[in-house]
Every structure is written in C-alpha cells, then in structure tokens.
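S.K.: Starting off with a structure, shown below.
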Ligand SMILES: [Zn+2]
C-alpha cells in the first residue's frame, strides 16, 4: 500500500509512505532551510529527552558506544524524528521491542530525502506517530524550546489505536 499524506509541514515533509507487512517506510524530505544535523540546533536533544524521557532506553541500530542520547545529539535530524516517532508509539501502547531505521541515498532519492522505517503493531498508529514526530521536530528545528503538546499528541495517537472512539475504554 502506498500513501501520499496530504498533510505536510513547511520544512520537513513526509512525501511517500509504503506500508509493508512489518514496517512502514517513509520518504522524509528536508526542506533547504531545515538543518540536516541535530548538532546544528543547540539543546535540541535535551528538550526532546526532557519531554520524552523514555528515549534514553532506546537501543540504536547505529550501535553507538556513546549511548543513544549522545548519538542523537549529533546525528541526522530524520534519525531523531525516527526515535521521537518510536517513543510516541511506545507511549501510546506499542511494544518497546519495535525498531526503526533511518537511511538515505541522495543520488537515488534526491538531496535531503531520507528513508525512515518503523516496525509497527498497528500501521495507523505508526503513520500517526510519524506525522506527529515530523511536526514536533520541525517546531524544534524552528527554535521552539519546549514540547508543549506532547501529552495531547500521545492521547491523539492512543485514540487512533483504539479506533477513534472517544468512549472506548481499553
Ligand atoms: Zn537510532
């Protein structure tokens, strides 16, 4: 299944999502005005970890000996987006064993286009987490110093998991 989400942010755009049997894979385009690396935005990772402390427990496929926080402090912005999406999924009830990956092939996909893949237990939850993570990371890259609406985001994604019925208790 291939989807082209109509919703997009000005700088970070999710252009194409392929839902495979185990993973969703998104093409994430970084607009020319968006920095490519987290190290270009001072304090970025501290803000993310404060709002989403579960990220410190993530394992990272990059296998950095420095640990995931140090890794995320100096990595590609879409890689941070991947971890934010995974944490949103976990907080909305997805298993923490789900993994993600971020890769790129600018010669094949175009400069600034990254491939972010997320394993999923619920594909709609993964898609929503990806969209919300892009929005959050975009705001932070624009200089936002707090993640104000993260609880509302988790709640929204939880509702998607439960089928969007506000009256449902699970
Ligand atoms: Zn990682």
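What follows is calculated from the coordinates using simple rules that are stated; it is not laboratory data. It should be emphasised that the depicted structure is a prediction, and the values quoted were computed from it without experimental measurement. Heads up, the Cβs are rebuilt from the backbone with ideal geometry, glycines too, and the neighbour counts pull from every protein chain shown.
S.K.: For residue 159 and residue 74, compute 0.36 nm times the residue count separating them, minus their Cα-Cα distance, and round to one decimal in nm.
M.R.: Values: separation 85, 0.36 × 85 = 30.60 nm, distance 3.32 nm.
Contour length minus the Cα-Cα distance gives 27.3 nm.
S.K.: By count of other Cβ within 10 Å, fewest leading, how are 149, 79 ordered? All intermediate terms of the calculation are to be shown ahead of the outcome.
M.R.: Numbers: 149 15, 79 23.
Sorted ascending by nearby Cβ count, the order is 149, 79.
S.K.: Compute the Cα gyration tensor for the range 72-122, then decide on rounded, prolate or oblate, letting a ≥ b ≥ c be the square roots of its eigenvalues: rounded whenever a/c is under 1.5, prolate when a/b is larger than b/c in the other cases, and oblate in all that remain.
M.R.: Numbers: a/c = 3.26, a/b = 1.90, b/c = 1.71.
Taking the square roots of the gyration eigenvalues as a ≥ b ≥ c, the range 72-122 is prolate.
S.K.: Stretched out fully, how many nm does the piece from residue 106 to residue 25 gain, at 0.36 nm a residue minus the Cα gap?
M.R.: Values: separation 81, 0.36 × 81 = 29.16 nm, distance 1.61 nm.
Taking residue 106 through residue 25 to full extension adds about 27.6 nm, to one decimal.
S.K.: Let me ask another. What FRET efficiency comes out for residue 96 versus residue 15 if R0 is 45 angstrom and r is the Cβ-Cβ distance? Round to the nearest 0.05. Present the calculation step by step, with values, prior to reporting the outcome.
M.R.: Values: r = 28 Å, r/R0 = 0.63.
Efficiency computed from Cβ-Cβ geometry: 0.95.
S.K.: Fewest to most neighbouring Cβ within 10 Å: what's the order for 30, 159?
M.R.: Numbers: 30 22, 159 15.
So the ranking, lowest neighbour count to highest, is 159, 30.
S.K.: Would you work out the Kirkwood radius for the range 80-159? I mean one over the mean of 1/r across all pairs of different Cα atoms, in Å. Before the final figure, lay out each step's value.
M.R.: On the way: mean 1/r = 0.0759 Å⁻¹.
So the Kirkwood estimate lands at 13.2 Å.
S.K.: Oh, and also: Over the chain, what per residue volume does the convex hull of the Cα atoms give, in whole Å³?
M.R.: Values: hull volume 19.8 nm³, N = 170.
Per-residue hull volume (Cα only) is 117 Å³.
S.K.: Here's a follow-up. Taking a ≥ b ≥ c as the square roots of the eigenvalues of the Cα gyration tensor of the range 119-163, is the shape rounded (a/c under 1.5), prolate (a/b larger than b/c) or oblate?
M.R.: Details: a/c = 3.87, a/b = 1.86, b/c = 2.08.
The shape class here is oblate.
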